[in-house]
Amino acid sequence: MTTSPEASLVVRRVLVVTAHPDDVDFGAAGAVASWVATGVQVTYCVCTAGGAGGFGDVSRADMPRLRQEEQRAAAAAVGVTDVRFLGYRDGQVTASLQLRRDITRVIRAVRPDRVVSHSPEINWTHLPTAHPDHRAVGEATLAAIYPDARNGFAYPELLQQDLQPWTVAELWMSGSPEERINHVVDVTDYFDAKLAALSAHRSQTGHLDDLRGMIRRYLARNADRHGMPGRLAEAFHVVDTS
């Protein structure tokens with residue numbers, strides 16, 4: 001089991017593509033904090049504003065604005081300042097050509113060495129990670145990486161915007177079925193940053209009595225399962241896409 005990025009790949013820029021605000025913080029905020037600490041530039045691309053989420057008495061009209069504010073605050077907690085929203089409808093995302101084009105646009109603008117997104121597969125042992133929006137964004141992101149972003153003949157309107165083709169070297173997927181996991185990141189030293197990011201999503205986590213304990217137990221199970229007893233880890237399915 002690999003516990004650190006491949007030494008052969010120099011990573012300067014990372015793009016994280018998620019369906020909803022808070023997805024990156026549950027799945028990868030510890031890893032993101034560790035990358036930012038080493039000087040990696042990280043961009044978040046959130047496909048919806050999370051209008052169908054939340055608890056309490058916040059109105060549906062106000063929820064998207066609130067969740068975007070929460071995501072920006074959560075990003076700041078791990079050192080990320082570039083947060084982009086695509087504006088798709090929460091709960092109704094499909095892996096459409098329009099979504100592929102929009103993700104391709106961001107890939108060509110950011111030119112990341114690594115992309116992090118959802119798995120397009122169903123994880124039957126932890127069904128919440130298999131939200132239909134997650135799987136749709138995962139599928140569209142994979143298609144945007146290959147073949148769309150690198151194909152100069154795809155979406156000619158992007159060339160007119162001077163967005164030149166770009167080849168992503170790695171795709172990291174969170175929420176993958178356990179049998180797919182081939183890479184874990186030790187995030188023990190970044191647990192407090194991850195917790196701060198999740199705590200910023202008050203509309204989603206404010207009702208939880210023991211957020212710290214819940215997240216620590218989950219990360220500890222990841223670490224134990226992959227030969228890192230006593231540590232905390234985030235787990236990914238990493239694919240070479242170069």
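Only the coordinates and a few stated rules stand behind these numbers; no lab work does. Because the structure is predicted, anything quoted here is derived from the model rather than measured. Note that each Cβ is placed from the backbone with ideal geometry, even for glycine, and that neighbours are counted across all protein chains shown.
Considering only DSSP beta bridges with both partners in the chain, what is the antiparallel share in %, to the nearest 5? Show your work: numbers first, answer last.
Working: 8 of 28 bridges.
The answer is about 30 percent antiparallel.
Given Cβ point charges of +1 (Lys, Arg) and -1 (Asp, Glu) and nothing else, what value in debye, to the nearest 20, does the dipole of the chain about its Cα centre take? Walk me through the intermediate numbers first.
Details: 25 positive and 29 negative charges, 56 e Å.
Using only the charged Cβ atoms, the result is roughly 260 debye.
Sort 83-90, 133-140 for me by packing, meaning the mean count of neighbouring Cβ atoms within 10 Å per residue, highest on top. Each step should come with its number before you reach the end.
On the way: 83-90: 17.5, 133-140: 24.4.
Descending mean neighbour count gives 133-140, 83-90.
At 222 nm, what value in deg cm²/dmol follows for the chain if DSSP H runs of at least 4 each add -39500 (n - 2.57) and the sum is divided by all its residues, to the nearest 500?
Details: 9 runs with 88 residues, N = 242.
One gets -10500 deg cm²/dmol as the mean residue ellipticity at 222 nm.
Assuming R0 = 30 Å, what is the FRET efficiency of ARG225 and ALA52, from their Cβ-Cβ distance, to the nearest 0.05?
Efficiency, from the Cβ-Cβ distance: 0.40.
Rank by packing, highest mean first: peptides 142-148, 41-47, with packing defined as the count of other Cβ atoms within 10 Å averaged across residues.
Going from most to least packed, we get 41-47, 142-148.
With a length cut of 24 Å (Cα positions projected on each helix's long axis) and a Kyte-Doolittle mean of at least 1.6, go through the chain and give me the DSSP H helices that pass. Could you put the intermediate results ahead of the total?
Working: long enough: none.
Both cut-offs are met by no helix.
List the residues, sorted by chain then number, that are 5 or more residues from ALA95 or on another chain and whose placed amide H is less than 5 Å from its amide H.
none
Which distance in nm do the two modelled labels at ASN151 and GLN98 give, with both placed 7 Å along the Cα-to-Cβ direction?
With each label placed 7 Å out from Cα toward Cβ, I get 2.0 nm.
Once you charge only the Cβ atoms, +1 for Lys and Arg and -1 for Asp and Glu, what is the size of the charge dipole of the stretch 105-164 about its Cα centre, to the nearest 20 debye? Please report the intermediate quantities before stating the final value.
Details: 6 positive and 7 negative charges, 30 e Å.
The calculation lands at about 140 debye.
Calculate one ³J(HN,Hα) per residue across the stretch 165-175 by plugging θ = phi - 60° into the Karplus curve 6.51 cos²θ - 1.76 cosθ + 1.60, and present them in order as whole Hz with x for glycine and proline.
So the Karplus estimates, Gly and Pro as x, are x, 8, 9, 7, 7, 9, 10, 10, 10, 9, x Hz.
If you count, for each residue, the other Cβ atoms within 10 Å and average over each peptide, how do 217-230, 149-162, 66-79 line up from highest to lowest? Present the calculation step by step, with values, prior to reporting the outcome.
Details: 217-230: 15.5, 149-162: 13.9, 66-79: 20.5.
Order by mean packing, descending: 66-79, 217-230, 149-162.
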